[in-house]
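The values are calculated or read from the model by the stated rules, or taken from the named source; none is laboratory data. Small disclaimer: the values here were computed from a predicted structure and weren't measured. Counting neighbours? That spans all protein chains shown, and the Cβs are built from the backbone with ideal geometry, glycine included.
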Amino acid sequence: MVPARATPGTRQKPRAARLPATRSSRRFIRLIKLCPSRFDSSTSYGTIDPLNNLAIHRMDTTVAATRFAKRVFTIAGIYGLIVMLPQYFLENMTSTMYPPAITHPEYYYGFIGVTVAWQVAFLTIARDPVRYRPMMIASIIEKAGFGFAAIPLFLLGRLSVQMLGAAMIDMTLGVFFVISYVRTGSAGSVHVRG
């Protein structure tokens, strides 16, 4: 078949040249959609060459570290709220199940209030782990404080098995907080050059 010729006085529109999509360029586009602020030219990241595989690898690592930290802190915050909020209504039951009775309710309710505030802090960190990374240090201390105190108390016979289990959950979350802190450190220091 012979292509149609343009009649005199009319111009044919040239076809737009399409470059083949490479694997790294597809990853680059996916990263832009997942984390657009990372690719803003007004940030300290500068311009990014979509064919620079090192840049793509670093951005993949950044996205993975951020995603991990978001999941860890979201799970910790939701778990803590589920466990702690009902405690506001269980003072009498707690006194009965774990004698002696609560003689200073201000300590009991103060503890619950501070713990709930920390769960909200975890959810705040989960929204932007790189930005709130300094708060992770305090979060690690918060989780380690209970865990490290519970182990010797249990060994001395001053703590129940149920409370030791709760402390081990806190210690596990604390370990995940440390991992999140380390991984987001590399994510926050990525400077990509074109």
Of the residues Ser160, Ser180, only one is touching a residue at least 60 places away in the same chain (Cβ under 8 Å) and under 30 Å from Met93 (Cα atoms); which?
Ser160
For region 155-194, what are the residues that are loosely packed, with under 15 Cβ neighbours inside 10 Å, of a type in the set (Ser, Thr, Tyr) and modelled with pLDDT under 95?
Ser160, Ser186, Ser189
Go through region 77-194 and tell me which helices (runs of 4 or more DSSP H), entirely inside it, have 3 or more residues that are among the hydrophobic types (A, V, I, L, M, F, W, C) and farther than 28 Å from Ala64 by Cα.
105-127, 133-155, 161-188
Leading residue by the ranking (farthest from the chain's Cα centre (by Cα)) among those in region 84-113 that are exposed (fewer than 12 other Cβ atoms within 10 Å of the Cβ) and of a type in the set (A, V, I, L, M, F, W, C)
Ala101
Mind listing whichever residues of region 122-153 are free of Cβ contacts under 8 Å to residues at least 24 places away in the same chain, touching a Ser or Thr at 6+ places or on another chain (Cβ under 8 Å) and of a type in the set (A, V, I, L, M, F, W, C)?
Met135
